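I have placed the structure first, in the form of structure tokens, so that the comments after it can refer back to it.
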Amino acid sequence: MSASVHARGVRKSYGLVEVLHGIDLEVAAGEVVCLLGPSGSGKSTFLRCVNHLESINGGELEVAGELVGYRRDGDKLRELTDRETAATRSRIGMVFQHFHLFPHLTALGNIMEAPVRVLKRPKQDVRRDAMALLDRVGLADRCDAYPSQLSGGQQQRIAIARALAMSPQLMLFDEPTSALDPELVGDVLDVMRGLAKDGMTMLVVTHEIGFAREVADRVVFMDAGLVVESGPPRQVLDEPREARTKEFLAKVL
Amino acid sequence: MVTLDPRPPEAAPKPPTVVPVRHWGRATAAVVVLALLGLLVAGLIVNKNIDEHTVRQYFFSRLILHGVLVTIELAVISQAVGIVLGIVLAVMRQSKNPALSGTSWLYIWFFRGTPLLVQLVFWAYFGSVYAHLTLGIPFTHLHLAQVGTNTLLTNTVAAYVGLSLNEGAYMAEIVRGGLLAVDEGQTEAALSLGMRRGLLLRRIVLPQAVRVIIPPTGNEFISMLKNTSLVAFIGGKDLFTNTQTIYSNNLKVIPLLVVASLWYLVITSVLTVGQYYLERRFARGATRTLPPTPIQRLRALLVPRRMVTT
Ligand SMILES: Nc1ncnc2c1ncn2[C@@H]1O[C@H](COP(=O)(O)OP(=O)(O)OP(=O)(O)O)[C@@H](O)[C@H]1O
Ligand SMILES: [Mg+2]
């Protein structure tokens, strides 16, 4: 299988402070990778780099065979224009911890916005697909609700549907259940489980060890801007090799 | 489990009578204020200098009505141009290019920092600064068109230009505040969906900023309406200019000022109601339930209040 995400020695600094010190990470097409690590270890930062929301300061990062933020031109690297960056981002779905639904649009409006405005697809088709997506996340009956009228779990499922509406090749999740009441977590994880089963390529930052154990093909443990260890969930979660992983798991489990 | 409607316990006993608390201090203050208000109104009615006959005579006179129309036109168009200008300046201000953000800053600094009256008079006398306005290629002798400044910048046009440019500076700050009030996450979500800056601004950020922008803009519009009276200094033919024209002939200054004030009050009242409905419309999505309209509120006041016992 071809690599969906290919990161080699990725470095990222904010001002003078380097927060990613050379990340190596691969996600194969169709693979589900869960990214674990303590707070401040750089998980969100790495995800944002994959999605071009942050530019990297060193190393190389490719998504679906294309360099992130740059284009190879002979032996030169050319920075991408706004248009090209936007086009790349439209093929990567992202789900945020705090949902970030558009509050002035209904659930349906949130899902339809990008396919209609960015991909310029006909409204009728988009509406039909959007309703199908709403059905898939179990919220077809709430299509006319505004985000403020939905529970956190419902909002997050709408946010997932919104990302899926762009038919992404890769889905990024940044702690999608961390802001939810415990009893609402299950519905969101169910939707993600379904996605994984359907073969979606997923990179998931999460503290849900149970979900990682059950759904992930691979678990990657990060600490202080570096990948500490990675492997199948059984190995990393049940027989961690590194002391830092053991320490973290002891706290979370 | 969290439920939204906590049901009252079944077979509740007869509810006790509720005795509302009496606000004695508040009531005393209200009586005093109402008494003073009554005295003021009585004083106005009794006073012969107000001359309500003249007020009535001129209220719907042709010159006054024409002035009202000009005032409304001036206010609406200048405010509209000011809003557009404000959006452009606010977006420029946020630009990473220092030439753009710097120019915007300079504009706001200048137009907020000098009196509107001075600006209006300046535009009216612009012809004495630059006699001709030329459309052509700079530093060459290629002129596509040339007009005398005074033919183009008549006093009426100067009034529009002065009010609009000044308003643009104030609106820029209001719009900027609105843009800053929109959560950063909205931008990230929109970017991650492949939206580009222009689309993001138009479809995601501005519609949300509007909620924050409307109340101060309503204020601005009301100020604008009253500031139009300054164009009387450059012969603007507005309500105040015409009022002045009339009272300098018949010397009934106070009655005519009452006429003008009443008209300004009428227009601002209409605006206030309009603003209320505009705010309501843009509150969509921001609140779970919309606030009642004034009519609904009036009805609620008139229908006797009942104790809620379910
Ligand atoms: N915009 C920024 N400017 C400066 N420093 C930043 C910025 N964003 C993140 N950082 C720093 O980078 C480091 C990594 O942050 P990041 O948000 O990626 O951590 P994380 O692993 O996602 O943590 P958490 O589990 O709390 O979300 C932190 O030390 C953080 O303070
Ligand atoms: Mg994070």
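A compact table of results
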{"quantity": "Residues of segment B:90-119 classified as in contact (Cβ under 8 Å) with a residue 12 or more places away in the chain and within 30 Å of residue B:241 (Cβ to Cβ), total", "calculated": "8"}
{"quantity": "Checking residue A:84 against (1) open to solvent by less than 30 Å² (accessible area, probe 1.4 Å); (2) under 24 Å from residue A:53 (Cβ atoms); (3) more than 9 Å from chain B (Cβ to nearest Cβ); (4) out of contact with any helix residue (DSSP H, G or I) (no Cβ under 6 Å at 6 or more places or on another chain), the condition it does not meet", "calculated": "(1)"}
{"quantity": "Qualifying residue in segment A:59-69 (condition: crowded, with 18+ Cβ neighbours inside 10 Å and within 16 Å of ligand 1 (Cβ to nearest atom))", "calculated": "yes"}
{"quantity": "Count - residues of segment A:165-185 that are open to solvent by less than 20 Å² (accessible area, probe 1.4 Å) and more than 16 Å from ligand 1 (Cβ to nearest atom)", "calculated": "6"}
{"quantity": "Residues being aliphatic (A, V, I, L, M) and open to solvent by less than 10 Å² (accessible area, probe 1.4 Å) - total across segment B:236-267", "calculated": "4"}
{"quantity": "Options A:53, A:35; residue that is within 11 Å of ligand 1 (Cβ to nearest atom) and assigned to a strand (DSSP E or B)", "calculated": "A:35"}
{"quantity": "Lone unmet requirement of (1) in a strand (DSSP E or B); (2) within 14 Å of chain B (Cβ to nearest Cβ) for residue A:126", "calculated": "(1)"}
{"quantity": "Residue match in segment A:99-113 (condition: free of Cβ contacts under 8 Å to residues at least 60 places away in the same chain, closer than 20 Å to residue B:205 by Cα and within 16 Å of ligand 2 (Cβ to nearest atom))", "calculated": "yes"}
{"quantity": "Hey, residue B:209 closer than 27 Å to residue A:101 by Cα, within 14 Å of chain A (Cβ to nearest Cβ) and open to solvent by less than 10 Å² (accessible area, probe 1.4 Å) or not", "calculated": "yes"}
{"quantity": "Counted residues, segment A:93-122 - those being within 16 Å of ligand 1 (Cβ to nearest atom) and either touching a Lys or Arg at 6+ places or on another chain (Cβ under 9 Å) or of a type in the set (Ser, Thr, Tyr) (or both)", "calculated": "2"}
{"quantity": "Count of residues meeting criterion [in a helix (DSSP H, G or I) and among the small types (Gly, Ala, Ser)] in segment A:38-49", "calculated": "1"}
{"quantity": "Candidate set from segment B:165-181 (those that are open to solvent by less than 20 Å² (accessible area, probe 1.4 Å) and under 30 Å from residue A:51 (Cα atoms)); member that is farthest from the other protein chains (Cβ to nearest Cβ)", "calculated": "B:175"}
{"quantity": "Test: residue in segment A:12-21 that is within 30 Å of residue A:150 (Cα to Cα), surrounded by fewer than 22 Cβ atoms within 10 Å (Cβ to Cβ) and touching a residue at least 60 places away in the same chain (Cβ under 8 Å)", "calculated": "no"}
{"quantity": "Number of the exception - residue B:104 against (1) surrounded by 19 or more Cβ atoms within 10 Å (Cβ to Cβ); (2) at pLDDT below 95; (3) not charged (D, E, K, R)", "calculated": "(2)"}
{"quantity": "Residues of segment A:1-32 that turn out to be in a loop (DSSP other than H, G, I, E, B) and within 9 Å of ligand 1 (Cβ to nearest atom), as a count", "calculated": "1"}
{"quantity": "Matching residues in segment A:186-217 - criterion: being surrounded by 15 or more Cβ atoms within 10 Å (Cβ to Cβ), among the charged types (D, E, K, R) and closer than 18 Å to residue A:252 by Cα", "calculated": "A:208, A:213"}
{"quantity": "Pair list, Cβ under 7 Å, 6 or more apart: segment A:35-48 residue within 12 Å of residue A:20 (Cα to Cα), other residue within 8 Å of ligand 2 (Cβ to nearest atom) and of a type outside the set (Val, Ile, Thr)", "calculated": "A:44/A:174; A:47/A:174"}
{"quantity": "Of all residues making up segment A:26-56, the number that are within 13 Å of ligand 2 (Cβ to nearest atom) and within 14 Å of chain B (Cβ to nearest Cβ)", "calculated": "7"}
{"quantity": "Those helices (runs of 4 or more DSSP H) lying entirely in segment A:143-215 with at least 2 residues within 21 Å of residue A:102 (Cβ to Cβ) and either within 14 Å of the chain's Cα centre (by Cα) or more than 11 Å from chain B (Cβ to nearest Cβ) (or both)", "calculated": "A:152-164, A:182-197"}
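The values are calculated or read from the model by the stated rules, or taken from the named source; none is laboratory data. Because the structure is a prediction, the values reported are computed rather than measured. Ideal geometry is used to build each Cβ from the backbone, glycine not excepted, and the neighbour counts take in all protein chains shown. The area values use the complete protein model at the heavy-atom level, side chains included, leaving out ligands, DNA and RNA. Shrake-Rupley method; radii C 1.70, N 1.55, O 1.52, S 1.80 Å.
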